[in-house]
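Reviewing the structure listed below.
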Amino acid sequence: MSAVSDTKAEPMIEARGIHKYFGGSHVLRGIDATIARGEVAALMGSSGSGKSTFLRCLNRIEEPSQGDVLIEGTVITDLRTDVNRVRADIGMVFQEYNLFPHMTVLENVALGLIYVRRRPRSEAQETAADALKRVGLADHVTKHPQQLSGGQQQRVAIARSLAMRPKAILFDEPTSALDPEMVNEVLEVMRTLAEEGMTMVVVSHEIGFLRKAADQLIMLDAGQVVERGPTARVLDEPEHERTREFLRAIR
Amino acid sequence: MRQELIKSRPIPLILMFLVGLGYLLAAPATSGIGIAFDITATVAVFVAFLFLFVPVQIDKGAPLWLQNLSALALLVLATAAFFRWADGDWGRLGYLFFNVEVMSRPGAMARMLSGLWIAVQVFLFSLVLSTLLGMFMAVVRSIVNDALLNFFIDAYVDVFRAVPPIVLLLVTYSALPYSGIVLSPFATGVVALTLIEGAYLTEVFRSGIEAIHRNQVLSARSIGLTAWQAMRLVVLPQSVRIVLPDYSNRLIGLMKRTAETSVIAIAEILKVAQDLQSQFVNATPLVVGALLYMVVLFPMTRFVSRLEKSRPRQ
């Protein structure tokens, strides 16, 4: 967590000219992005702008049609890359939580440690319990996801990523499926992570949260970057007409 | 008035039952005006009985034993009426189909039971093999998802679902020896049933796998699990719960289908029963065979309907 300054030269995540075609439609049209170690980058844009698809290209849950993704300077969009290793190092939190309903909360969080990191079961469960404590769910380890509220389930999903000690975590609209009163408990956990120096890429329209936590804001439209810059600058003095329109619409 | 009509009256009901039964057991009138009277009287017995019977059944205050007992009484009346009117040769029927003496001849029951054991063996072997086959096909289809491979799997499923088991049994049994493959009837039966059952189970497991939302796989893969691990640890445990009722129904069908292996001389229940039938010139072994199937299948069907009630929601 303190190694922010010494390896600054290499960005944590770098995307170069990412294109994505779904059948005939050209969803991503050459997107570049650089996210430094410990930085929080936000992706914004209306639905269909390609923000989720771009996010998913970063850990190759979606395969980019063209272009490269680099993690700590290493190209991962390569046939020889062990994609499972890459994904183990980059956490992902989904809009719909996507917890495993047939497992307890603890088993959900320990699964990757046991089968990907090959940790002994007892050690994995300890680590999982620690991660759950960090998101404030130490009392719910033996429950099943269905017994938890949406906000609690999303925090379990964050713990599931966190337990793997990832280099970065990708958040795909983590609060969009939540009831309004549960949004804050999730954003609170995310802000703490940001303060602790976790590299994060967040698709979110929670302006208040982004203003406090995000260093960089990237505005996408029709598969292209229309504007990017420090969060406050983009929010307060948007240069592009499309950004202004969008910000007006979501406020 | 309405209240009066639906009030349950046990004592009149019991009296009506006794009177009705008494009449039905009395010797029937056989000719002329007597028959017309007899029909009228029989109908009257039932109308009067139902008039008292229905209120007992709908009255929520009526005790359960009374409701059950009166239902039994109705059944007794119906049986009495049947025997009174039917022109049956009951002695012959009993001798041919329910003949205890025939079944107590030396070796008869022992052979029937060995038939049961063989049927259960055919069932268990086909069950295990077809489950493995169906699960394997469905999993491969989902994970590899290669167009050519999918075509072959779908072709296998379509072909073997379109062949009646008894036809496949006869064809494999008579054709295999010419290909140089010599299998015992038992092995041939197991292979044929496995192929057919495997095709159905491929579909059962495939539907279970497809019922799991794509996001579950995405989520599993995003942790770094391989496709196989995601299938084994995340998808299949959920799929199996979903398909359990369908699967168990197939299982019951498979047990019944073991009877068809009798056509290739596997000495299972039906084959043994038919052999005994011609040997003794008596159909009782068939009835005993039917009972043996029920002994196995009744607990299975009970178990399955319990499973269906506890089908997981979501």
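None of the figures in this text is laboratory data; all of them are computed from the coordinates on show. Fair warning: this is a prediction, and the values are worked out from it, not measured in the lab. Note: ideal-geometry Cβ built from the backbone for every residue, glycine included; neighbour counts use all protein chains shown.
I need A:His140, A:His26 ordered by Cβ neighbour count within 10 Å, fewest first.
The order, fewest Cβ neighbours first, is A:His26, A:His140.
For every helix of n ≥ 4 consecutive DSSP H residues, a contribution of -39,500 (n - 2.57) applies; sum these over the protein assembly as shown, divide by its total residues, and give [θ] at 222 nm rounded to the nearest 500 deg cm²/dmol.
Counting only the DSSP helices, I get -19000 deg cm²/dmol.
Please report the equivalent ellipsoid semi-axes of chain A, computed as sqrt(5 x eigenvalue) of the Cα gyration tensor, largest first, in whole Å.
Numbers: eigenvalues 166, 92, 60 Å².
For chain A, the ellipsoid semi-axes come out as 29, 21, 17 Å.
Put +1 on the Cβ of each Lys and Arg and -1 on the Cβ of each Asp and Glu in chain B; which of B:Val128, B:Met231, B:Ala26 then has its Cα farthest toward the positive end of the dipole?
B:Met231
Identify the residues of segment A:196-218 with backbone N under 19 Å of a label point that sits 7 angstrom from the Cα of A:Ser47 along the Cα-to-Cβ direction, or state none.
Within reach of a label on A:Ser47: A:203-207.
Among B:Phe123, B:Phe205, B:Phe298, which comes first, second and so on when ranked by fewest other beta-carbon atoms within 10 Å?
On the way: B:Phe123 21, B:Phe205 25, B:Phe298 10.
Final ranking by Cβ density, sparse to dense: B:Phe298, B:Phe123, B:Phe205.
What value in Å³ per residue do you get for the convex hull of the alpha-carbon atoms in the protein assembly as shown?
Dividing the Cα hull volume of the protein assembly as shown by its residues yields 288 Å³.
Straight-line reach from A:Lys167: which aspartates and glutamates fall under 14 Å, measuring Cα to Cα and dropping same-chain residues less than 8 apart?
In chain and number order, the partners are A:Glu10, A:Glu14, A:Glu39, A:Glu72, A:Asp89, A:Glu196.
Work out the FRET efficiency for A:Arg80 and A:Ser122 from their Cβ-Cβ distance, taking R0 = 35 Å, and round it to the nearest 0.05.
0.50
Report Rg/Rh for segment A:46-118, rounded to two decimals, where Rg is the Cα radius of gyration and Rh the Kirkwood radius.
My calculation of the ratio gives 1.02.
Give me the dipole magnitude in Debye, nearest 20, for segment B:15-134 about the Cα centre, with unit charges on the beta carbon: positive for Lys and Arg, negative for Asp and Glu.
Dipole size: approximately 280 debye.
May I ask for the angle, rounded to the nearest 10°, between helix B:236-257 and the longest principal axis of chain B, with both axes built from Cα atoms and the value confined to 0 to 90°?
60
Around B:Leu52, under 11 Å between beta carbons, what's the net of Lys plus Arg minus Asp minus Glu among the other residues? Working shown, then result.
Details: positive: B:Lys7, B:Arg9; negative: none.
Here the count lands on +2.
Could you tell me what percent of the DSSP beta bridges with both partners in the protein assembly as shown are antiparallel, to the nearest 5?
Beta bridges within the protein assembly as shown, antiparallel portion: roughly 55 percent.
Kirkwood Rh and Cα-based Rg: tell me the resulting Rg over Rh for segment A:69-201, rounded to two decimals.
Ratio of gyration radius to Kirkwood radius for segment A:69-201: 0.97.
What are the aspartates and glutamates whose alpha-carbon lies under 15 Å from the alpha-carbon of A:Lys20, with same-chain residues fewer than 8 places away excluded?
A:Asp32, A:Glu62, A:Glu63, A:Asp68, A:Asp221
Could you check the spin-label model distance between B:Ala155 and A:Arg233? Points 7 Å from the Cα along Cα→Cβ, value in nm.
6.3
Calculate, axis by axis, the spread of Cα positions in chain B along the three principal axes, and write the results as whole Å, longest axis first.
82, 58, 33
Using the Kirkwood radius built from alpha carbon pairs, what does the Stokes-Einstein equation give as D for segment B:62-105 at 25 °C and 0.890 mPa s, in µm² per second?
187
What lysines sit close enough to B:Lys271 to cross-link, taking a C-alpha to C-alpha distance under 23 Å and skipping anything fewer than 8 places away on the same chain?
Once the sequence-local lysines are set aside, what remains near B:Lys271 is B:Lys256.
If eta is 1.567 mPa s and T is 4 °C, what Stokes-Einstein diffusion coefficient results for segment B:187-244, Kirkwood Rh from Cα pairs, in µm²/s?
My calculation gives 103 µm²/s for D.
Once the piece of chain linking B:Arg232 and B:Val47 is laid out straight, how much longer is it, given 0.36 nm per residue of separation minus the C-alpha distance between them?
Values: separation 185, 0.36 × 185 = 66.60 nm, distance 6.25 nm.
Additional length available on full extension: 60.3 nm.
Based on DSSP, what percent of beta bridges with both residues in segment A:13-250 are antiparallel, to the nearest 5?
55
With the Cα gyration tensor of segment A:1-98 in hand, give its eigenvalues times 5 under a square root as the equivalent ellipsoid semi-axes, listed largest first in whole angstrom.
Details: eigenvalues 103, 49, 40 Å².
They are 23, 16, 14 Å, listed from largest to smallest.
Which whole number gives the average count of other chain Cβ atoms within 10 Å of the Cβ atoms across peptide A:95-103?
On the way: counts 1, 4, 2, 10, 2, 8, 8, 9, 4.
Going residue by residue through A:95-103 and averaging, the value is 5.
If you filter segment A:41-144 for trypsin sites (Lys or Arg not before Pro), then keep DSSP loop positions with at most 10 other Cβ within 10 Å, what is left?
A:Arg80, A:Arg118
For helix B:269-280, report the angle its Cα long axis makes with the longest principal axis of the Cα atoms of chain B; keep it between 0 and 90° and round to the nearest 10°.
50
Give me the net charge for the shell around B:Tyr95: Cβ to Cβ below 10 angstrom, other residues only, Lys and Arg +1, Asp and Glu -1. The partial results should precede the final answer.
Working: positive: B:Arg92; negative: B:Asp89, B:Glu101.
Residues near B:Tyr95 contribute -1 overall.
Any idea what the relative contact order of chain A is, in percent, if you count C-alpha pairs under 8 Å spaced at least 6 apart?
Over chain A, the number comes to 26 percent.
With N set to the number of residues, divide the alpha-carbon radius of gyration of segment B:135-174 by 2.2 N^0.38 Å and report two decimals.
On the way: Rg = 12.9 Å, N = 40, 2.2 N^0.38 = 8.9 Å.
The reported ratio for this selection is 1.44.
Can you sort B:Ile58, A:Ile71, A:Ile207 so the residue with the fewest Cβ neighbours within 10 Å comes first?
Going from least to most buried by this count: B:Ile58, A:Ile207, A:Ile71.
May I ask you to derive the relative contact order of chain B, considering only C-alpha pairs under 8 Å and at least 6 residues apart, and to give it as an integer percent?
This gives 21 percent for chain B.
Convert 10 °C to kelvin, take the viscosity as 1.306 mPa s, use the Kirkwood radius over C-alpha pairs of segment B:157-314 as Rh, and evaluate the Stokes-Einstein diffusion coefficient in µm²/s, rounded to a whole number. Write out the running numbers ahead of the final one.
Working: Rh = 18.5 Å.
The Stokes-Einstein estimate is 86 µm²/s.
Please get the size of the charge dipole for segment A:13-250, origin at its Cα centre, with Cβ charges of +1 on Lys and Arg and -1 on Asp and Glu, quoted in debye to the nearest 20.
Using Cβ point charges on Lys, Arg, Asp and Glu, segment A:13-250 gives about 600 debye.
Could you compute the net charge surrounding B:Arg141? Neighbours are other residues with a C-beta less than 14 Å from the C-beta of B:Arg141; K and R count +1, D and E count -1.
Neighbour charge sum, excluding B:Arg141 itself: -4.
Let me check I have the definition right: for segment B:2-87, take the eigenvalues of the Cα gyration tensor, multiply each by 5, take square roots. What are those semi-axes in whole Å, largest first?
28, 13, 9
If you place +1 on the Cβ of every Lys and Arg and -1 on the Cβ of every Asp and Glu, how big does the dipole about the Cα centre of chain B come out, in debye to the nearest 20?
With only Lys, Arg, Asp and Glu charged at Cβ, the dipole is about 980 debye.
Just tell me, in residue order, which DSSP H segments of chain A are both 15 angstrom or longer along the helix axis (alpha-carbon based) and at least 0.5 in mean Kyte-Doolittle hydropathy.
TM-like helix candidates: A:105-115.
Can you figure out the FRET efficiency of B:Met294 with A:Gln147, using R₀ = 30 Å and their beta-carbon distance, to the nearest 0.05? Could the numbers behind the result be given before it?
On the way: r = 42 Å, r/R0 = 1.41.
Efficiency at R0 = 30 Å is approximately 0.10.
Using only the alpha-carbon atoms of segment B:1-155 as identical scatterers, what base-10 log of I(q)/I(0) does the Debye formula give at q = 0.14, 0.17, 0.21 Å⁻¹?
-0.84, -1.02, -1.23
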